[in-house]
Each structure stands twice: as structure tokens, then as C-alpha cells.
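Peer 1: Just passing along the structure, written as C-alpha cells.
The values are calculated or read from the model by the stated rules, or taken from the named source; none is laboratory data. Since the model is a prediction, treat every value here as computed from it, not as a measurement. Here the Cβ positions follow ideal geometry from the backbone for every residue, glycine too, while neighbour counts run over all protein chains shown.
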Amino acid sequence: MSTRIASLLAALCLASTAAACAVEDTTDTTDLGTSEEHLWGDLSTRPSFELWKDEAGQFRFQLLAPSQEVVLSSQGYSNRTNALTGLLSVLQNGTFDFSYKVVTVASGSYVELRAHNHATIATGPTFATAAEAQASIPDTIKTVGAYQKAWDTATGASFAIKLDAGGKHYFTLHARNGEIVLRSQRYDAKAGALNGAFSVADNGTTAARYQVLQASNGGYYLNLTATNGQIIATSEVYASKYTAERARDSIIALLPVVPLL
């Protein structure tokens, strides 16, 4: 995905090192879920993706204009990570006009977005004529570009996919005041990191999924775990157990209002 690459911190306290990384208790955990809406959360101002599981158990996605009009639709994928890989391919290929091909069938004409290997990534809506389908390509390119720009410049309550100095991907969850409240482990692929963010959304609204642990410096931090016990993301180290528990409760309140895509 076009990643929201902010200035990389020199030392990140990720899941494997959180217990050794103490930070000042600067996050006001009382307002993580109550501040004003920011651009990323206002889907009326930017394109967005919709990802769902269909009745056959296949994962599909759509690119939507701010009006919620469908711009591109995917095929079905056997799992969410593969669908997210396809979504990322839309962003990698969708701003180049040579990636689009008009296809005409009995019911009309539509546009296919194709990868460099000519595999179809997504298709546009059906038009009455090939000329109408062709004319839709510039607007589709503009929509993909607008999504990338929104992702790159998003502030407030949002997930960010970042790249570290070693070429690994990870995600961060930001509160509405911009503070990072959770960080993930490192992933080899962007789609893996993005799928990890979805796992936060799946598990992070359940208090039982959080471990409140004591760090080596005497502070406390959170591990968010999946149902199998695997650590999904880790918080900063807080000065007290009470503050860590407040942060947990604020994250639980925040997650339902953070659009992933």
C-alpha cells in the first residue's frame, strides 16, 4: 500500500522489546475516543475501500468514491491477507492508464485493472458502450490517487503502515490526538501488517484480550493478544498499572470509530 511513512523513530518499542523500553507517561488517555473527527474518519471527504466476506466464504473488496459509488470491484479471495494483497495491487497499479483495458461483452463494456503480469486485479462497473468505459478511466485513476494521498496524509484516529530501516513493515494505531497507542511486530509484507491491523480491530474491543504486564523498569505496558495467545500489538510503557488500564479502556472505546480502509 502507499504507506503512511512518517519520520521513523530511532528506537521503536515493538512487541519483542516493549518491556525494556520505558517512556514518559505523556498520553492523555481520557480523550483517546472523544476528540473531534479527523479527515481519515470522514468517509464523505475521501475515497475508501470496503472489505467483506461473501456468502461463499470468499473475501472481496471494493474501491468507493466519496459518494459511495463503486469504482472498482475485486474477485473473491480465499483469505483476508490475499484480498489485502489484491487491494495493495490496486494502489500499486491503479494510477497508470496503461494498466487499464476495456473489455466488451454481450451486456456492455467495462474496465479491467491489470497487474504487470496481465492478471486482472479488479473491474469497473458495466457501461452501455466501450467509449463510456474508456472515458471512466481518468476518474478511476484520480480516485486511486486520492485514496493514496488521503492515506499518506491521514491524521488523528487511524492505523498507519510503516517501513522500518531494515525493510520490514509494521503498523501503529494512533489516537485522535495523534499519539501512538499500539505498535505491532514486524512483517515481511505490507499485506501482513495490514492484516495485523484488522486483527487489532477483531480482538481489541475485548478487555480479556489485553495483558497488563510489568516492565523491567517498574512501569506497566499492554500486550493485545489473539484468541490463540499470539501477541498482535504492544503499547508504550506507562508509569503505573492504573494508567495502563486506563489506556486499555480508551483503546477499546477508540477502535469502533477508526476506519481501517
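Peer 1: I need the full set of residues from the stretch 65-84 which are touching a Phe, Trp or Tyr at 6+ places or on another chain (Cβ under 6 Å) and in a strand (DSSP E or B), in order please.
Peer 2: If the condition is that a residue be touching a Phe, Trp or Tyr at 6+ places or on another chain (Cβ under 6 Å) and in a strand (DSSP E or B), then SER74, TYR77 are the ones that fit.
Peer 1: If you don't mind, there's one more thing I want to ask. Could you figure out which of (1) outside any helix (DSSP H, G or I); (2) charged (D, E, K, R); (3) without any contact (Cβ under 8 Å) to a residue 40 or more places away in the chain isn't true of ASP202?
Peer 2: Going through (1) outside any helix (DSSP H, G or I); (2) charged (D, E, K, R); (3) without any contact (Cβ under 8 Å) to a residue 40 or more places away in the chain one by one, ASP202 breaks only (1).
Peer 1: Of SER78, SER109, SER99, which residue is out of contact with any Asp or Glu (no Cβ under 6 Å at 6 or more places or on another chain), in the same structural domain as ILE141 (by TED's automatic domain parsing), closer than 29 Å to TYR187 by Cβ and surrounded by 15 or more Cβ atoms within 10 Å (Cβ to Cβ)? Outline the logic, then answer.
Peer 2: On the way: SER78 fails: surrounded by 15 or more Cβ atoms within 10 Å (Cβ to Cβ); SER109 fails: closer than 29 Å to TYR187 by Cβ.
Answer to the selection: SER99.
Peer 1: Read through the list (1) within 18 Å of GLU112 (Cβ to Cβ); (2) in a loop (DSSP other than H, G, I, E, B); (3) not basic (Lys, Arg), then give the number of the only condition that GLN62 fails.
Peer 2: The number of the failed condition is (2).
Peer 1: May I pose another question? Can you name every residue in the stretch 145-185 that is on the phi < 0 side of the Ramachandran plot and assigned to a loop (DSSP other than H, G, I, E, B)?
Peer 2: If the condition is that a residue be on the phi < 0 side of the Ramachandran plot and assigned to a loop (DSSP other than H, G, I, E, B), then ALA154, THR155, ALA157, ASP164, ALA165, GLY166, LYS168, ALA175, ARG176, ASN177, GLU179, GLN185 are the ones that fit.
Peer 1: Would you tally the residues in the stretch 112-135 being surrounded by 15 or more Cβ atoms within 10 Å (Cβ to Cβ), assigned to a strand (DSSP E or B) and in contact (Cβ under 8 Å) with a residue 40 or more places away in the chain?
Peer 2: Number of matching residues: 4.
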